[in-house]
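Have a look at the structure below before the remarks.
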Amino acid sequence: MSKLYMVPTPIGNLKDMTFRAVEVLNDVDLILAEDTRTSGKLLKHFDISTHMQSHHMHNEHKMVEGLIQKLKSGVIIALISDAGTPAISDPGFLLTRACLENGIEVECLPGATAFVPALVNSGLPNDKFVFEGFLPVKKGRQTRLKLLSEETRTIIFYESPHKLIKTLTHFCEFFGEDRQVSVSRELTKLYEETIRGTAKEVLAYYTNKPPKGEIVIVVGGKR
């Protein structure tokens, strides 16, 4: 039976790779990888020799039909991203939807994803939350921020280090300087850090200490 596996990979610490993930990646016929160079290091570390093929945001639309045909022919495929769970701000949704539309089984393994530890260690309410991922870079950004300024649930964002100051500045402007914010960066890695405080305080911290690495921002909802 054909099948698509969605396989999470570590977001930094290789010890977070699960036994089951290694087993699946060894057993499938083909691994779709966001960046074969990055994933190649991971597969080498776990002695996985399964053939890889590139599957990323720039080619996923063109590849879907061909991959569906492969799956229909009985090929078993695993999809991985550079880090974390596929389809969470990474490629994966288009292929998953196409598989389900064509009656092909999809199984997602549990595993690493950046926003869960960032949310839990933020100290902000986590019984209800909204995952926003990356904000629009230009078009629609202010409209989105205005809408989110009224959100009462905790909000989670992904951000790149060179845009963090801009984003925190916008939070001060649209959410208010006293809105509670938690910024986690380099989760699971050697220099993991979480800075908590008001939007104004966290902005001041990173203005004086330019950030590096992958970043998750958790913002308290409107009170």
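Key figures for this structure:
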| item | result |
| --- | --- |
| Those residues of the range 82-97 which are of a type in the set (S, T, N, Q), out of contact with any Ser or Thr (no Cβ under 7 Å at 6 or more places or on another chain) and outside any helix (DSSP H, G or I), in sequence order | Ser89 |
| Number of the exception - Gly221 against (1) under 30 Å from Thr9 (Cβ atoms); (2) out of contact with any helix residue (DSSP H, G or I) (no Cβ under 8 Å at 6 or more places or on another chain) | (1) |
| Single condition Ile77 does not satisfy, out of (1) over 24 Å from Thr188 (Cβ atoms); (2) of a type in the set (Val, Ile, Thr); (3) under 17 Å from the mean Cα position of the chain (by Cα) | (3) |
| Filter result (surrounded by fewer than 17 Cβ atoms within 10 Å (Cβ to Cβ), outside any loop (DSSP other than H, G, I, E, B) and not hydroxyl-bearing (Ser, Thr, Tyr)) within the range 204-223 | Ala204, Asn208 |
| Of residues in the range 37-54 being of a type in the set (Ser, Thr, Tyr) and free of Cβ contacts under 8 Å to residues at least 40 places away in the same chain, the one most open to solvent (accessible area, probe 1.4 Å) | Ser49 |
| Sole residue being open to solvent by 70 Å² or more (accessible area, probe 1.4 Å) and of a type outside the set (D, E, K, R), chosen from Met63, Met57 | Met57 |
| Total residues in the range 165-198, condition closer than 25 Å to Pro10 by Cβ, open to solvent by less than 40 Å² (accessible area, probe 1.4 Å) and touching a strand residue (DSSP E or B) at 6+ places or on another chain (Cβ under 6 Å) | 7 |
| Scope the range 125-152; condition among the charged types (D, E, K, R) and either closer than 19 Å to Glu173 by Cβ or open to solvent by less than 100 Å² (accessible area, probe 1.4 Å) (or both); matching residues | Glu132, Lys138, Lys139, Arg141, Arg144, Lys146, Glu150, Glu151 |
| Given (1) at pLDDT below 95; (2) in contact with a strand residue (DSSP E or B) (Cβ under 6 Å, 6 or more places away or on another chain), index of the condition Asn59 fails | (2) |
| Candidate set: the range 76-113, residues that are among the hydrophobic types (A, V, I, L, M, F, W, C) and under 17 Å from Glu23 (Cβ atoms); chosen: the one most open to solvent (accessible area, probe 1.4 Å) | Cys108 |
| Failed criterion for Ile11 (all others in (1) surrounded by 18 or more Cβ atoms within 10 Å (Cβ to Cβ); (2) closer than 22 Å to His61 by Cβ hold) | (2) |
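The values are calculated or read from the model by the stated rules, or taken from the named source; none is laboratory data. What you see is a predicted model, and the numbers here were worked out from it, not measured in a lab. All Cβ positions, even for glycine, are placed from backbone atoms using ideal geometry, and neighbour counts span all protein chains on display. Only protein heavy atoms, including side chains, enter the accessible area calculation; ligands, DNA and RNA are left aside. Shrake-Rupley method; radii C 1.70, N 1.55, O 1.52, S 1.80 Å.
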